[in-house]
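What follows is one structure encoded as structure tokens, with my remarks underneath.
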Amino acid sequence: IPVVYRIARGQETGVLHLRDGPRQKKLYFLEGRPDYVSSTDRHELLGEQLVATNICLRMEVDMALAVLHRYDGRLGDALVGLGILRPMVLVRAVQNQVRRRILDAFRWRGGDWSFVLGARSQEETFSLQLDPFELLRDAAFEAHPDELEAALEPIRERVLVRGVGEFLPLSVYRLPHQWSSLISQVNGQGTLASIAARESSQRGMELEDVYRALYLGLSCDLLKAS
């Protein structure tokens with residue numbers, strides 16, 4: 001999350017390479033916003049996603065694959081050209097495909113990454129309308145419990161304070177009320193462990209939700225462990 005936050009916060013253009021053995025992804029950003037994602041995972045191919053989400057039948061995807069040569073190899077164009085999908089349905093499907101590819105990357109438990117500033121995708125793309133800060137929120141929602149523990153355990157007994165300097169307002173993340181309220185109430189008077197205990201015992205907030213909110217806050221400079 002901190003890596004993608006810095007790209008979005010700085011409105012940077014470039015490609016984030018992710019590698020874990022044979023598994024690879026390339027996340028392209030245009031002025032801080034997701035632009036295109038390539039993946040070696042065949043389950044993340046557009047046709048597979050359309051079948052898995054019941055937007056298309058397998059035979060409809062196969063029909064489109066059979067005539068790809070007429071549409072410059074573009075499955076989406078073939079599905080629209082054959083009358084199988086309406087253009088707006090295709091747009092939403094592609095947006096969802098890219099969103100799921102990005103969120104899957106946050107769940108990787110190992111590997112290497114590098115960011116190439118200024119690199120641009122050579123693919124023909126259209127505006128995805130994916131908000132990078134809402135994606136960071138969703139990544140915190142879906143973070144593996146082991147990742148939360150690995151990130152927070154070393155600072156459990158450290159006092160949390162609000163971020164220093166300029167940071168984006170909480171509103172850009174469109175957080176659940178409990179999350180935004182928790183982050184807003186951090187005042188330098190409690191450790192991470194004491195805040196978690198208070199929120200779960202006195203306010204009835206699920207402990208895992210407390211950890212997810214604090215993890216997002218710490219990852220996006222909203223909070224700091226002093």
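Select from region 29-129 those trypsin sites (Lys or Arg not before Pro) which occupy a DSSP coil region and have at most 16 other Cβ atoms within 10 Å, ordered by residue number.
R74, R107, R109, R120
Assigning unit charges at the beta carbon (Lys, Arg +1; Asp, Glu -1) and nothing else, what dipole magnitude in debye, to the nearest 20, does the chain show about its Cα centre?
It comes to approximately 200 debye.
Restricting to DSSP loop positions (anything but H, G, I, E, B) with no more than 15 other Cβ atoms inside 10 Å of their own Cβ, which GluC sites (Glu not before Pro) remain in region 94-158?
Those that pass, being in a loop and sparsely packed, are E123, E124, E157.
I'd like the accessible area for F133: 1.4 Å probe, protein heavy atoms, all chains in place, Å² to the nearest 10.
Approximately 30 Å² for this residue.
Which of the GluC sites (Glu not before Pro) across region 11-112 are loop residues per DSSP, with 13 or fewer other Cβ within 10 Å?
Loop-located and lightly packed - E31.
With unit charges on the beta carbon (Lys/Arg positive, Asp/Glu negative), name the residue among P132, L65, I55 whose Cα is farthest towards the positive pole of the charge dipole of the chain.
Toward the positive end, the furthest listed residue is P132.
Relative contact order of the chain, please, whole-number percent, based on alpha carbon pairs below 8 angstrom and at least 6 residues apart.
This gives 22 percent for the chain.
Between R6 and V89, what length comes free when the chain is fully extended (0.36 nm per residue of separation minus the Cα-Cα distance, one decimal in nm)?
Full-extension gain reported as 26.7 nm.
Determine the calculated [θ] at 222 nm for the chain from helices alone, applying -39500 (n - 2.57) to every DSSP H run no shorter than 4 residues and normalising by the residue count; nearest 500 deg cm²/dmol.
-13500 deg cm²/dmol
Between L168 and H17, what is the FRET efficiency for a Förster distance of 35 Å, r being their Cβ-Cβ separation, to the nearest 0.05?
Taking R0 as 35 Å, the efficiency between L168 and H17 is 0.85.
By how many nm would the segment from T53 to N187 grow when fully extended, if each residue of separation counts as 0.36 nm and the alpha-carbon distance is taken off?
Full extension from T53 to N187 adds 43.8 nm.
Under 17 Å from a label point 7 Å along Cα→Cβ of Y71: give me every residue in region 23-47 with its amide N that close.
Once the point is set 7 Å along Cα→Cβ of Y71, 45-47 turn out to lie under 17 Å by backbone N, inside region 23-47.
Please identify, among V210, V67, V159, the residue showing maximal mean-square fluctuation in a Gaussian network model of the chain using a 10 angstrom Cα cutoff.
Fluctuation is largest for V67.
The values are calculated or read from the model by the stated rules, or taken from the named source; none is laboratory data. Please read these numbers as outputs of a predicted model, since none were measured by experiment. Cβ atoms come from the backbone with ideal geometry, glycine included; neighbour counts cover every protein chain shown. Just so you know, the surface numbers come from the protein's heavy atoms only, side chains and all, with ligands and any DNA or RNA stripped out. Shrake-Rupley method; radii C 1.70, N 1.55, O 1.52, S 1.80 Å.
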